[in-house]
Amino acid sequence: MALRVLAIETSCDETAAAVVEDGRRVLAQAVASQMHIHARFGGVVPEVASRRHVESITPVIAAALTEAGLSWPDLDAIAVTCGPGLLGALLVGVSAAKGLSLATGLPLVGVHHIAGHVAAAFLGTDVRPPLLALVVSGGHTELLSLDASFRFRRLGGTKDDAAGEAFDKVARLLGLPYPGGPKVDELAASGNPEAFAFPRALLDEEGLDFSFSGLKTAVQHALQNSARDRREVAVADVCASFQQAVVDVLVAKTARAVQATGCGTVVVAGGVAANRGLRRALSARARADGFTVVFPPVELCTDNASMIGAAGCFLAEQGRFDGLSLNAHATLPLETWQAGSPV
Ligand code: KG4
Ligand code: ZN
């Protein structure tokens, strides 16, 4: 019998719902994006986000169920992102999920946002753990291992800015629109990646940690120097050189994690997994070193509810349900979430 999960994701600026079957098939997805509202502020405004989620959550869930052609008795569980993210935004999704669970009797599955990003790799594929995951999003840059019983272990992560955050901050310095990552990616394609010698922090260090705040500062200095000398900067060259610096470090550390663990499958997850430079460089390194790298389709790399549904299915299969005491958490270490419902 198929396992069908309704999934809800409201951790940031998109109200999203999906119906996922067996952690592999997306039966329906619906989304109300607020990106255009936040774009004029140059970033997500939490209070505005919460209000929009409240307005959108019911129609979005209804649209997903209608598109799937299913009603409540056809479902087996309700999965919802319980953290990390914007607290007010998360609370809208968690409250809706709890209300629906109470009304329908369907069990709840609280999903960690990062576990969701990794589970995007299972949709439409036969990829299965054990695997390594490079999670690169606006809020996270982490190297994780995932075992066959869907348990994560953190191998390394950023000490300061996340990779996506660095993309967004550099884009802002360049006067590019929010969110900056896709725009930097696009401009980098026509720039010279060797035009600027930006730093590759922690590249030669043993560990699997990252640091990107110095890189952003280096870009800022390069722009200030050009302005002082009245030199025009080639924006495409800045984008290409910056992106190459990020990609070099991500690829080197991922290859090191493969070597250290002996695990031969790497899933790349999160918004920055959409980056074309990263896709190209990591695929080339995987071919050279003999490991497999999986990039979910671009539309599943950025925040979406299907990935939460995929994770929800695997957790439900393991019997890892939550009660109505499930809560939303702005900060939620994977280990804390994994240890059971944090309060
Ligand atoms: O995973 P995500 O949608 O949201 C978070 O959970 O953070 O990731 C969003 C991040 C943003 O920082 C955005 O600029 C970045 O992913 N991003 C990209 C690309 N597409 C999205 N960064 C680099 N290249 C891209 N093509
Ligand atoms: Zn995300």
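Between Ala39 and Ala62, what length in nm is gained on full extension when 0.36 nm per residue of separation is reduced by their alpha carbon distance?
5.6 nm
Whole-Hz Karplus ³J(HN,Hα) for the range 331-339, in order, using 6.51 cos²θ - 1.76 cosθ + 1.60 and θ = phi - 60°, x for Gly and Pro?
10, 8, x, 3, 4, 5, 4, 5, 6
Taking θ as phi - 60°, what are the ³J(HN,Hα) couplings along the range 151-168 by the Karplus curve (6.51, -1.76, 1.60), each to the nearest whole Hz, with x for Gly and Pro?
10, 9, 9, 8, 9, x, x, 6, 8, 9, 6, 7, 4, x, 4, 4, 4, 5
How large is the charge dipole for the chain, taken about the Cα centre, if only the Cβ atoms of Lys, Arg (+1) and Asp, Glu (-1) carry charge, to the nearest 20 debye?
I would put it at about 340 debye.
Under the definition of Cα pairs under 8 Å and six or more residues apart, what whole-number percent is the relative contact order of the chain?
Over the chain, the number comes to 25 percent.
May I ask what percent, to the nearest 5, of DSSP beta bridges between residues of the range 130-295 are antiparallel?
Around 60 percent of the beta bridges assigned by DSSP in the range 130-295 are antiparallel ones.
How many nm is it between the label spots at Ser283 and Ala148, if each spot is 7 Å from the Cα in line with the beta carbon?
3.1 nm
With the full set of protein chains in place, find how many percent of the accessible area of the range 130-295 is carbon and sulfur; take the probe as 1.4 Å.
Ligands and nucleic acids excluded, carbon and sulfur reach 47 percent.
Calculated FRET efficiency, Ser213 and Val127, Cβ-Cβ r, R0 30 Å, to nearest 0.05?
0.40
Considering only protein heavy atoms, what per residue accessible area in square angstrom results for the chain with a 1.4 angstrom probe?
41 Å²
Over the range 130-295, what relative contact order in percent results from Cα pairs under 8 Å that are six or more residues apart?
It rounds to 28 percent for the range 130-295.
Can you give the FRET efficiency to the nearest 0.05 for Ala197 and Trp72, using r as the Cβ-Cβ distance and R₀ = 35 Å?
0.05
Classify the range 130-295: rounded, prolate or oblate, from the alpha-carbon gyration tensor (a ≥ b ≥ c, eigenvalue square roots; a/c under 1.5 rounded; otherwise prolate if a/b is larger than b/c)?
Here the range 130-295 falls in the prolate category.
Just how far, in whole angstrom, is the range 284-343 from the range 221-278 if you go by their alpha carbon centroids?
If you average the Cα positions of each part, the centres end up 24 Å apart.
When the chain is treated as a GNM, springs tying every alpha-carbon pair under 10 Å, which of Val60, Val111, Val268 comes out with the largest mean-square fluctuation?
Val60
Can you sort Arg24, Arg256, Arg285 by 1.4 Å-probe accessible area, starting with the largest?
The ranking, largest first, comes out as Arg285, Arg256, Arg24.
Could you compute how much accessible surface Lys169 exposes when probed at 1.4 Å, giving the result in Å² to the nearest 10?
Answer for Lys169: close to 70 Å² accessible.
Roughly speaking, what is the centre-to-centre gap between the range 53-77 and the range 121-153 when only Cα atoms are used, to the nearest Å?
Taking the Cα centre of each part, the range 53-77 and the range 121-153 sit 27 Å apart.
Which semi-axes, in whole Å and largest first, does the equivalent ellipsoid of the chain have when worked out from the alpha carbon gyration tensor as the square roots of 5 times its eigenvalues?
Those come to 35, 23, 16 Å.
Report the relative contact order of the range 97-171, percent, no decimals, based on alpha-carbon pairs under 8 angstrom and at least 6 residues apart.
Relative contact order for the range 97-171 comes out at 21 percent.
Based on Cβ point charges of +1 for Lys and Arg and -1 for Asp and Glu, what charge dipole magnitude is obtained for the range 130-295 about its Cα centre, in debye rounded to the nearest 20?
Roughly 200 debye, rounded to the nearest 20.
The values are calculated or read from the model by the stated rules, or taken from the named source; none is laboratory data. Keep in mind the model is a prediction, meaning the values are calculated, not measured. For neighbour counting, all protein chains shown are included, and Cβ atoms are generated from backbone atoms with ideal geometry for every residue, glycine included. In case anyone asks, the SASA skips ligands and DNA or RNA and just uses the protein heavy atoms, side chains included. Shrake-Rupley method; radii C 1.70, N 1.55, O 1.52, S 1.80 Å.
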